[in-house]
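What follows is a short report on a single structure.
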Amino acid sequence: MAELAGFDEFYAASYRRVVGQVFALLGDLHEAEDVTQDAFAKASFHWARIAAYDQPEAWVRRVAFNHAYNSTRRARRWLGVLARHGPPPDVPAVTADRLDLHRALGRLAPRHREVLVLHYVAELPLDEVARQLRLPLGTVKSRLHRARTALAEQVGDEREGVANA
Amino acid sequence: MREDLLKEQLMSYARSAAEVASQPGAAAIHRRARRHYRRVAALTVAGVLAAAGVGVGLGLGRDQTTPTVDQPSPPVTSPLPPASSTPPTTSPPATSTTGPTSTTRAPASARMPATFVASLGNRLAVMSSTTGRTVQTLVSAPQAQFAVGLSPDGATAYYSRLGPAACDQPGVFRMPVAGGPAVRIVDGESAAGPISTSADGSRLAYLTNVCGANDQVDLVLRDAAGALLRRWAVGPALSAARAITASLSPNGRAIAVTLFDELDPVGVRLLDVAHDAAVGDGRLIQAPDPGCKPVNALFQPGTGRLVMVERCLPKDPRTDSTPPRFTLVSVDPVSGRLLARGFAFDDHSGADLDVTTMDFDRSGRYLLYAVGSADPADSQVARPQTGTWRYGGGRPVRVADDRRSSGGERITSIGPTW
């Protein structure tokens, strides 16, 4: 297990950060836990190589996001259910604001959510987001702008809807 | 919404989940990793056995193997283009715009082109098909990447700048591969991907780049001098469905467009150039294998077959960690029926691999293709499958990997064509 030196510490230090970011992308804590644990399992298997990277956490996050995309359709269906019936009891600390945000995020295209999460939650500068997504900086800025606009409109709509109800 | 407020809300949203998330011990993660890779290994063995069965069924030799990679990769199967034991459907002729689909294989005696053209680092370059080394630089510009196409005789390159720079002075250019000045043949519009040429070199097709406030992607057909023949609106770049590549049929009467829904491949639309008014009017052709979707498709010179790379996922990727599998298949463009299989490989890396571009040589005997990945780790280490490969049956050969050269530029080429 000499090759795994440092993995446990890396896992302990970064797991919750990554799971929070994946949750912001997916909107489902159980799925977020599942894909994050899968990503760390892969990192564990390839740890001898990944440990040498400048940012192993970026690798894990990328793998987790890829897994998350594979379950995007499922997430969309789930969000449809959520819109009809409200959140299940295990969604963390639901407040009206958070539920608005949850719904609004769920309506964004995954590529928009991804840019939001990387920039605001993972706190990556825009040029680093562009590098990690292999996109031109202008595209990242454009997506971020669109995502923020859409989010603002949707959160506004939600609140208006509640006020009118 | 104020930016600082949005950030605070998003951070709080993510933190609230992170705080209550369950975190198994590291030992559980190690066990999960071992379980996952035991399952992959078992499936690999099963894949080898299944592939052997397929190969025997097609009456193929046993020397057909998989790409040379340093990971478990089940060998499948036949070279492409192979001799098919079952002739493809050629009727009804009224619906066939792609020209006859030949049952004969492309000439086995065809010689592999010595060079190909690709965007490499900040250059558009002619590269050796055997060594992957640059033979000649055609165009060079800082921070530039290029969409590229080549005339069937290999004498003329067509190119556009990619990325934000493409929007500064959008255009499509033509230049002799042997050297000479570039001529702008299209002004105000750039290609966003490979520039496909008809077999006689008289027509070009490509998808347009998105610039500035214009969010629209178009599929355009032009003559070799750049005059517009047809234009089809694909839609906003950020809409649900988008096209990623376009391939002209050998006779120039049909275009195969590979469509994606966000990140998920949808299928290939086969447009009748003369009659279809929209991309959506084209006939939808799916990957022939169940659970698979085409990620890239093009017409094979000589045979008129539609050759595609299909990506196959497990039914529920969330619970089944079988890696995505990529297979080269050849189908009849009229019936969509499977005619033959070529190379195959698995994405064990979790890196979201994709066959980003591919192109046949003039004879249709040799295929050049590029495998890319969305994984940021690629900038730091070569993956077994990423890079540029050539394939003429048997074992694909990597002609460029994705490690960085001493000069810091990526060696992986974009849009390799020959």
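Restricting attention to region B:333-343, does a residue exist that is more than 25 Å from B:L207 (Cβ to Cβ), assigned to a loop (DSSP other than H, G, I, E, B) and without any contact (Cβ under 8 Å) to a residue 40 or more places away in the chain? There is no residue in region B:333-343 that is more than 25 Å from B:L207 (Cβ to Cβ), assigned to a loop (DSSP other than H, G, I, E, B) and without any contact (Cβ under 8 Å) to a residue 40 or more places away in the chain. A single entry from A:L4, A:L29 fulfils the requirement of being surrounded by fewer than 18 Cβ atoms within 10 Å (Cβ to Cβ) and in contact (Cβ under 8 Å) with a residue 24 or more places away in the chain: A:L4.
Quick check on region A:151-165: of everything there that is under 18 Å from B:E3 (Cα atoms) and out of contact with any helix residue (DSSP H, G or I) (no Cβ under 7 Å at 6 or more places or on another chain), which residue is modelled with the lowest pLDDT? Applying the filter and picking the extreme gives A:G156. For region B:1-50, the set of residues classified as of a type in the set (G, A, S), at pLDDT 85 or above and surrounded by 12 or more Cβ atoms within 10 Å (Cβ to Cβ) consists of B:S12, B:A14, B:S16, B:A17, B:A18, B:A21, B:A26, B:A28, listed by residue number.
Among residues of region B:208-264 being within 23 Å of A:H145 (Cα to Cα) and among the polar types (S, T, N, Q), the one that is modelled with the highest pLDDT is B:T208. When the residues of region A:7-26 are filtered to those that are surrounded by 24 or more Cβ atoms within 10 Å (Cβ to Cβ) and more than 7 Å from chain B (Cβ to nearest Cβ), the one that is nearest to B:R31 (Cα to Cα) is A:V18. Being at pLDDT 90 or above and surrounded by fewer than 20 Cβ atoms within 10 Å (Cβ to Cβ) holds for only one residue in B:A155, B:A144, B:A110, B:A178, and it is B:A155. B:S129 satisfies every condition listed in (1) within 21 Å of B:D359 (Cβ to Cβ); (2) modelled with pLDDT under 70 except (2).
The values are calculated or read from the model by the stated rules, or taken from the named source; none is laboratory data. In this text the structure is predicted, and so the values were computed from the model without any measurement. No Cβ is skipped: glycine too gets one built from the backbone with ideal geometry, and neighbour counts run over all protein chains shown.
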